[in-house]
Amino acid sequence: SESSAQESNSANEQLKVLCVGTANRAKANIDGVSDQNIVGLCDVDTRFLEKAKAVYPSAATYRDYREMIAQEADRADAIVIATADHSHAPAAIRAINAGLHCYCEKPLTHTVQEARLITEAARAKGVATQMGTQIHAGNNYRRVVEIIRSGVIGDVSEVHVWVGKGWGGGDRPESGDPVPDYLDWNLWLGPAPERPYKEGRYHPANWRRWWDFGQGTLGDMGCHYMDLPFWALDLQYPTSVAAEGPAVHPETCPLGLTVRYQFPARGDRPAVKLTWHDGDNIPKSVTGIKVSRNGVMFVGSEGKMFADYGSYRLFPEDKFQAFTPPPKSIPDSIGHHREWIQACKTGSPTTCNFDYSGPLTESVLLGNVAYRTGKQLDWDAENLRATNCPEAATLISKEYRSGWEVTADQIA
């Protein structure tokens with residue numbers, strides 16, 4: 001059924017927004033839409049929920065996002081989802097199928113299959129979407145994309161991306177702790193297999209280290225830094241993915257990973273080899289150029305370009321001493337959240353919509369699938385399968401606890 005999301009098209013009218021998650025990254029996202037009408041707040045942690053309620057006293061409060069979506073969707077327009085990764089898709093699929101415009105933090109989902117399902121559901125429903133890659137709205141990324149597309153460094157067939165961060169390591173606690181009275185641990189686990197609560201090991205933040213809840217450093221940062229080559233080079237789905245790192249741990253993510261992606265030629269542009277490095281595996285130099293802890297290096301037939309969130313440099317430096325950037329062709333962003341709000345109201349495009357960020361998320365998460373299988377995956381993107389590695393299927397999708405399934409027709 002058509003919801004109020006499709007009926008509200010006045011650019012001046014406030015959106016009625018539901019928010020899943022209220023603290024930390026979620027608080028930043030709520031702040032990003034705070035000039036709209038926050039009508040629903042959901043958090044499994046009452047400490048966080050009560051703080052948010054104090055700021056938005058008229059909002060209805062919930063602990064279970066399934067209940068909030070079921071109760072509030074008919075009188076809301078949009079939803080902002082900022083939870084641990086494993087709850088992104090269960091919340092998003094229910095919201096999208098209820099007709100709500102959807103903003104979801106990165107990585108868009110916890111599995112490759114979920115990213116495809118969410119993307120297809122959003123397209124079918126015609127809702128406005130945006131993934132939380134906030135840096136995409138920055139001016140530096142726009143200038144880098146313009147320079148790469150102008151051909152200044154020639155045809156780009158190689159890219160290196162690295163992030164010196166390490167979400168991983170550790171073993172499963174042998175015992176549990178009493179669940180604090182402010183936390184609904186069962187709802188926090190949501191679709192994930194049951195396990196005892198342990199103070200400081202999962203909630204908040206440290207869930208990123210665990211395969212059941214997060215995707216390590218690659219999941220945390222891949223959508224931010226791989227966004228730049230995806231945008232500049234029009235990448236979509238890889239044809240092969242291989243990864244190396246420490247011995248695979250059944251519970252926790254690696255503290256250092258290298259992933260090698262092959263992307264096919266696009267029109268007259270050559271195939272691209274993209275290499276991701278994180279944590280203990282980051283390089284001190286890339287193609288002979290000393291580098292900082294985070295960044296992207298484009299290797300072209302006529303030169304190289306280093307970029308990070310706020311700057312870029314061209315190499316060899318003497319060749320590009322007199323370099324003048326091409327004229328601006330990508331308009332400055334009106335703001336990452338503002339772009340989505342406007343799209344919800346008017347149908348205008350967003351730059352991190354799920355048609356773009358879904359394939360980006362799939363590629364990011366495939367790096368961990370390759371690492372965990374220990375094989376170079378020959379990837380059939382159309383059918384979501386590694387043709388040479390049937391055992392990858394259990395990592396491309398996953399089992400859900402009853403009541404938390406993610407399927408194309410899932411409703412709250």
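The values are calculated or read from the model by the stated rules, or taken from the named source; none is laboratory data. Only a predicted model underlies this, so the values are computations on that prediction, with no experimental measurement involved. Glycine also receives a Cβ, built like all others from the backbone with ideal geometry; neighbour counts cover every protein chain displayed. Note: accessible area is taken over every heavy atom of the protein model, side chains too, but ligands, DNA and RNA are not part of it. Shrake-Rupley method; radii C 1.70, N 1.55, O 1.52, S 1.80 Å.
Spin-label model, ASP74/GLU405: points 7 Å from Cα along the beta carbon direction are separated by 2.4 nm. Considering only GLY164, GLY151, GLY245, the mean-square fluctuation computed in a Gaussian network model of the chain, springs between alpha carbons under 10 angstrom, is largest for GLY151.
Solvent-accessible surface of segment 89-141, averaged per residue with a 1.4 angstrom probe and all protein chains in place: 19 square angstrom. A full extension of the chain between ALA247 and ASP184 corresponds to an added length of 19.3 nm, given 0.36 nm per residue minus the alpha carbon distance.
Taking a Cβ cut-off of under 14 Å around TYR225, the surrounding Lys, Arg, Asp and Glu residues balance to a net charge of -1, with basic ones at +1 and acidic ones at -1.
Taking Lys and Arg as +1 and Asp and Glu as -1, the other residues whose beta-carbon sits under 14 Å from that of GLU251 total +4. Counting Lys and Arg as +1 and Asp and Glu as -1 over every other residue whose Cβ lies under 14 Å from the Cβ of ALA82, the net charge comes to -2. Exposed loop sites here mean GluC sites (Glu not before Pro) with a DSSP loop assignment and at most 16 other beta-carbon atoms within 10 Å; the chain contains its longest site-free run at 14-173. Remark: relative contact order (segment 263-412) = 7 percent; criterion is Cα-Cα distance under 8 angstrom and separation of 6 or more residues. Only protein atoms count toward the accessible area here, which uses a 1.4 Å probe; on segment 136-245, the carbon and sulfur part of that area reaches 44 percent. Basic side chains Lys and Arg get +1 at the Cβ, acidic Asp and Glu get -1 at the Cβ, and with that the dipole of segment 197-341 about its Cα centre reaches some 180 debye. Using the rule -39500 (n - 2.57) for each DSSP H run of four or more residues, divided by the residues of the chain, the 222 nm mean residue ellipticity is -8500 deg cm²/dmol. Determine the per residue accessible area of segment 146-191 with all protein chains present and a 1.4 angstrom probe, expressed in square angstrom. Per-residue accessible area for segment 146-191 comes out at 43 Å².
Summing Cβ point charges (Lys, Arg +1; Asp, Glu -1) relative to the Cα centre of segment 24-108 gives a dipole of roughly 140 debye.
Whenever you get a sec, compute what percent of the accessible area on segment 12-85 sits on carbon and sulfur atoms (1.4 Å probe). About 46 percent, which is the carbon plus sulfur part of the accessible surface.
Averaging the sequence gap over all C-alpha pairs within less than 8 Å and six or more residues apart, then dividing by the number of residues, gives segment 131-268 a relative contact order of 29 percent.
Sequence-ordered 3J(HN,Hα) estimates for segment 128-140 from the Karplus curve with 6.51, -1.76 and 1.60 and θ = phi - 60° stand at 7, 10, 7, 8, x, 9, 4, 5, 4, 7, x, 5, 4 Hz, glycine and proline given as x. What's the carbon and sulfur percent of segment 345-412's accessible surface, probe 1.4 angstrom, rounded to a whole number? Solvent-exposed carbon and sulfur of segment 345-412 make up 49 percent of the total. Bridging of LYS284 to lysines at a Cα separation below 25 Å is possible for LYS165, LYS273, LYS304, LYS319, once same-chain residues fewer than 8 apart are set aside. DSSP assigns beta bridges within the chain; of those with both partners inside it, close to 60 percent run antiparallel. The lysines within cross-link reach of LYS16, meaning a Cα-to-Cα straight distance under 30 Å and a gap of 8 or more places when in the same chain, are LYS27, LYS51, LYS53, LYS106, LYS125, LYS345.
3J(HN,Hα) along segment 215-225, derived from phi through the Karplus expression 6.51 cos²θ - 1.76 cosθ + 1.60 where θ = phi - 60°, amounts to 9, x, 5, 4, x, 5, 10, x, 5, 7, 8 Hz, with x in place of Gly and Pro. Comparing mean-square fluctuations of LEU49, LEU108, LEU218 from a GNM of the chain with C-alpha springs under 10 Å, the top value falls on LEU49. Computed from point charges on the beta carbon alone (+1 for Lys and Arg, -1 for Asp and Glu), the dipole magnitude for the chain about its Cα centre is near 880 Debye. Taking all Cα pairs closer than 8 Å and separated by 6 or more residues, the relative contact order of the chain comes to 23 percent. Along the axis of the charge dipole computed for segment 140-188 (Cβ charges of +1 for Lys and Arg, -1 for Asp and Glu, origin at the Cα centre), the listed residues GLY164, VAL145, PRO178 are led at the positive end by VAL145. Shape class of segment 372-412 from the Cα gyration tensor (axes a ≥ b ≥ c, square roots of the eigenvalues): oblate, since a/c reaches 1.5 or more and a/b does not exceed b/c.
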